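So the structure is just underneath, and the comments pick up after that.
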Amino acid sequence: MSEQFKDQGGAATMDPSALLRWVTSKVMTYVISPKRLAKNRIKVEKQRQANNQRHTVEYFHQVDDGYSHLSAQALAALAERYDIDLQCHLVDGPAGANAPEPELLVNLSRYDASKIAPHYKLDFPENLDAPTVTLLKLARSILANLNNQDFVAHAATVGHALWSGSEVALQELGKVHGFSSLEEEKAKYENGNTRRDSLKHYSGAMFYYGGEWYWGIDRLYHLEQRLADLGADRLPDMPVIMPKQEVKAGQLRDNGSLTLEVFASLRSPYTSIAFDRAIALAEATGVTLHVRPILPMVMRGVSATTEKGIYIFTDTAREARAAGVPYGNFYDPIGEPVRQCYSLYPWACSLGKGNQLLSSFLSAAFVDGVNTNNDKGLRSVIENAGLDWQLAKESVGQDGWQQALEDNRLAMYDSGLWGAPSFRLLDRDKTPVLALWGQDRLWLIAQEIQQQLALRIE
């Protein structure tokens, strides 16, 4: 799998001017601030009440996306539980700079959805093969023929037939619900894509309410809490439909036979809120920790749009608040600061301080708002990691670190992953037993550690 990504290798040059770095940092810090969020929510609610409108949640469904199938299974419960109008749209998958690896993303959605579904009491067929073109055409045609109410009620049933690989089941559903014409189907998708574009997003399995986006079942608890705060929960004393999954170390402790690999990037917001928790999980469970740094995506030739960047930063902010993790005072470390820190990483590792160095750098960039593009900022990173600044100056800027980061990237891609943070859990033979992408999968890694340890007891 890694062959096609060799062109991403190397430490690319990406160094904004001091002014641009400062402006970007200030803007993003403002965008993700809790004060701004609260202000915008108040404004949205006042407008809704002034216009005498109901709470309207919009859902964007991508037929070939595993996360969308899981989301579809929550639609009926969401519409019943909350006093909302639920409007559903059909959309195509992300494209261009918003999906640098679209095939990998779709493949991962199937694998990942199958892993998380049982924990949400949802279903995802064990057949992990990609649906055929024929099956996708049938599913798209049926869904495009459904009115909004029927979509809420039956989208999951159509999805189950699709992901089970059953053409017979889809044909039977078509007899019941009908098939749209190609023109009608095209119009449905164009309308959905246009609506999503107008709201400045790019992905499927997304919920939208009052100026904010919520990705799939993983983020529904944020939306549910917001609706509850607005008095739209018909059953306020009941647990939410899709609860937040908590990272629990568990009771069983390893003797170092399992290995937890953490692929971390120094410019990744999600890495910044997961890195210390991943280290703590390894310490609490006794597994061997292997941190494998990688270059930030944008420093290895993977571009990102403004809309994607804003969503990632704002999503990280609310995930950090929910986890009780500090985050939000940002100073962009892209380019030279990242390269300098990585050049010091081998030296820090030789002193047993590699993880401390990365943690300190992430805190400086995403929590403390430290400009690491000067000696003063870099010195604070070094000293907060428990390292000597005078000794660090002897190693900073040296080559020799690039190949290790490239090897880490290739290993990550070979597991079907490409972003940070990613995790791999290896058994005593160093064979991967679970490989997952995202800070919001650390809970599943924790559960897998306990399951692997429990198997040994049995």
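Every read-out reported here was derived from the displayed coordinates using simple, explicitly stated rules and does not represent laboratory data. This is a predicted model, so every value here is computed, not measured. Reconstructed Cβ throughout: ideal geometry from the backbone, glycine too, with neighbour counts over all protein chains shown.
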Roughly how many debye, to the nearest 20, is the charge dipole of the range 146-278 about its Cα centre, given +1 on each Lys and Arg Cβ, -1 on each Asp and Glu Cβ, and no other charges?
320
For the range 152-221, what number results from the quotient of the Cα radius of gyration and 2.2 N^0.38 Å?
1.34
For M206, the residues 5 or more places away or on another chain with a placed amide H closer than 5 Å to its own amide H are F60, G216
If one compares the long axis through the Cα atoms of helix 18-31 with the longest principal axis of the Cα atoms of the chain, the angle in degrees, nearest 10, works out at 40
For Cα pairs less than 8 Å apart in space and 6+ apart in sequence, what is the mean separation divided by the residue count of the chain, i.e. the relative contact order in percent?
20
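Considering only the other residues whose Cβ falls under 14 Å of the Cβ of N355, what net charge follows from Lys and Arg at +1 and Asp and Glu at -1?
0
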Within a 10 angstrom radius of the beta carbon, how do I142, I241 rank from fewest other beta carbons to most?
I241, I142
Trypsin sites (Lys or Arg not before Pro) restricted to DSSP loop in the range 397-452 with at most 16 other C-beta within 10 Å:
R428, K430
Farthest toward the dipole's positive end in the chain, which of C341, P293, M412, given Cβ charges of +1 (Lys, Arg) and -1 (Asp, Glu) about the Cα centre?
C341
Cα-based Rg / Dmax (Å) for the range 85-210:
14.8, 40
Could you give the angle, 0 to 90 degrees to the nearest 10, between helix 133-145's Cα long axis and the longest principal axis of the Cα atoms of the chain?
60
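How much mean residue ellipticity at 222 nm does the chain get from its helices, if each DSSP H run of length 4 or more adds -39500 (n - 2.57) and you divide by all residues, to the nearest 500 deg cm²/dmol?
Result for the chain: -16000 deg cm²/dmol, rounded to the nearest 500.
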Using per-residue counts of other Cβ atoms within 10 Å, averaged over each peptide, order 287-295, 358-366 from highest down.
358-366, 287-295
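List D83, D440, D399 from most exposed to least, where exposure is judged by having the fewest other Cβ atoms within 10 Å.
D399, D83, D440
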Charge dipole (debye, nearest 20) of the range 39-229; +1 at Cβ of Lys and Arg, -1 at Cβ of Asp and Glu
740
Go through 212-224, 246-258, 310-322 and give me the packing order, highest mean Cβ count within 10 Å leading.
212-224, 310-322, 246-258
Based on Cβ point charges of +1 for Lys and Arg and -1 for Asp and Glu, what charge dipole magnitude is obtained for the chain about its Cα centre, in debye rounded to the nearest 20?
1280
In whole percent, the Cα-Cα distances of the range 243-377 spread across 5 Å bins from 0 upward as 2, 9, 17, 21, 21, 15, 9, 4, 1
Just add up the charged neighbours of V57: K/R +1, D/E -1, any other residue whose Cβ is under 15 Å from the Cβ of V57.
0
Could you quote the convex hull projected area for the range 259-457, Cα atoms only and averaged over all directions, in nm²?
11.2
Compute log10 of I(q)/I(0) for the chain with the Debye formula, placing one identical point scatterer on every Cα and leaving out solvent, at q = 0.05, 0.07, 0.08, 0.12 Å⁻¹, to two decimals.
-0.19, -0.38, -0.50, -1.11
Rounded to the nearest 10 degrees, what's the angle between the helix 102-116 long axis and the longest principal axis of the chain, both from Cα atoms, 0 to 90?
80
